[in-house]
Amino acid sequence: MVQDISDPGWLDRPSLDGAFEVMIRSDLAFDALVAPKHLGAVARRLRRHPELRATVDHAGKPDISSANLETWAAQIEQLAVDTPAYCKLSGLLTQANQGAGIDEIDAVAAHVFDCFGVDRVMWGSDWPVVTSRASYGEWLEMSLQLVRRHAAAGEEAIFGANAVRFYRLDVAGSGTETA
């Protein structure tokens, strides 16, 4: 939960190297719950530990409510290019103004798909937090529409197969091979 740490470079501290090395040896995945100010440190961390399985939760929590997305967009693109990280399509409604819907989050979702592609995006419910903005069903329906708009062939991957692969889940009957 780095999102609440005020130091934007905290995640990049060399004193944390050992912890990340243990995560790698233990075959643990890193869910980076960060704010946009931490994306640079996340990228540096992942470049130092390229074998670390990592995903950026809530697409790095872009400030959709202010529409100030240029820095976030550049940093998330660089992270996608420079690292094998995944990105979660989740938490977007809570970063937008109250009452926001699919139109307000469409550009962010499109950018996530453009940067990470179908094979490195996973859907997340953000339940129960999402219920402060929409019901679980409403968020799911918006997400389905966003995937159909921006990653038409990726529904099965984004809503399941990518998570099975990333988290190395042993899901009987999933149709997805795990490594």
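We did not get these values from a lab; they are worked out from the coordinates using the rules stated. Quantities reported herein were computed from a predicted structural model and do not represent experimental measurements. For neighbour counting, all protein chains shown are included, and Cβ atoms are generated from backbone atoms with ideal geometry for every residue, glycine included.
Below, the figures for the structure above:
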| quantity | calculated |
| --- | --- |
| Rounded, prolate or oblate (a/c below 1.5 giving rounded, otherwise prolate when a/b exceeds b/c) for the range 16-90 by Cα gyration tensor | prolate |
| Other-chain or far-sequence residues with amide H under 5 Å of Y86's (modelled H) | A54, T55, V56 |
| Shape box of the range 1-50 [Cα atoms, principal axes, largest first, Å] | 28, 18, 16 |
| Peptides 28-41, 119-132 ordered by average Cβ neighbours within 10 Å, highest first | 28-41, 119-132 |
| Contour excess over end-to-end distance, with Cα ends at A152 and R25 and 0.36 nm allotted per residue | 42.1 nm |
| Per DSSP, loop GluC sites (Glu not before Pro) in the range 95-179 with at most 14 further Cβ within 10 Å | E177 |
| Simple Cβ-charge dipole of the chain, Lys/Arg +1 and Asp/Glu -1, about Cα centre, in debye nearest 20 | 360 |
| Normalised per residue, the volume of the convex hull around the Cα set of the range 2-166 (Å³) | 107 |
| Note, ³J(HN,Hα) from phi for the range 89-98, Karplus 6.51, -1.76, 1.60, rounded to Hz, x at Gly and Pro | 7, 7, x, 6, 4, 6, 9, 9, 5, 3 |
